[in-house]
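The values are calculated or read from the model by the stated rules, or taken from the named source; none is laboratory data. For clarity, every value in this text was computed on a predicted model and none was experimentally measured. Every residue, glycine as well, gets a Cβ built from its backbone with ideal geometry; the counts of neighbours run over all protein chains shown. Only protein heavy atoms, including side chains, enter the accessible area calculation; ligands, DNA and RNA are left aside. Shrake-Rupley method; radii C 1.70, N 1.55, O 1.52, S 1.80 Å.
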Amino acid sequence: MKQFETVAQMKLARLTAGQTVTTKGYYAAGDAGGATYLVAASQTVDGYGDHALANGNVALLQVPGVLNITTYGIKADGVTDDTVAWAALAAQTTYTNMLMSGGVSVIGIKTTFTESDITFAFTNGAKVLQKAGTQSVDTLLKRVGLKVYTHTTQVQTLSEIKVITTNSLV
């Protein structure tokens, strides 16, 4: 199986449909964004989970079970505006079980998940925070039926990640 350091390196490759490839990271090797991809013939991709390759084929993210959001291009470094990556994640309909393990993701507009029955697990102090100068934090991530779990005592307050109603997540 061919392995790449990053998604950017993989996107430069000329891979054959049917190949399975891996990355060691999304932006940098070891950044928790490493993933497995199945190469397929050209089709529309979002550029965050699935990627166009140099020869026109595409690399389709393969997730057995829970999707770690860093494999979708969300940096969660507390500095980068992750709004566009969150929007791409919300627009997809394949993954319903998602994990944010540590880090601070900054977003600046409301992101609505359209798929029903989505579950998020926030571990190791993971936080989603409002970008300075944007709308109120209580409307950033929403979905009717959204289930939210925090599996650590490192989340310091419920105002950092909280259920506003049984239908909303911040």
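All conditions in (1) surrounded by fewer than 21 Cβ atoms within 10 Å (Cβ to Cβ); (2) at pLDDT 95 or above hold for Thr80, with the sole exception of (2). Scanning segment 105-134 for residues that are within 15 Å of Gly33 (Cβ to Cβ) and either in contact with a helix residue (DSSP H, G or I) (Cβ under 7 Å, 6 or more places away or on another chain) or modelled with pLDDT of 80 or more (or both) yields a single hit, Ser105.
Gly102 meets all of the listed conditions (1) open to solvent by less than 40 Å² (accessible area, probe 1.4 Å); (2) modelled with pLDDT of 95 or more but one, namely (2). Taking segment 81-119 as the range and being over 21 Å from Asp50 (Cβ atoms) and not aliphatic (A, V, I, L, M) as the test, the residues that pass are Asp81, Ser101, Gly102, Gly103, Gly108, Lys110, Ser116, Asp117, Thr119.
Here Tyr27 clears all of (1) open to solvent by 60 Å² or more (accessible area, probe 1.4 Å); (2) closer than 17 Å to Ser101 by Cα; (3) without any contact (Cβ under 8 Å) to a residue 24 or more places away in the chain except the condition numbered (3).
None of Thr93, Thr70 is open to solvent by less than 40 Å² (accessible area, probe 1.4 Å) and either farther than 27 Å from Gly125 by Cα or among the hydroxyl-bearing types (Ser, Thr, Tyr) (or both) except Thr70.
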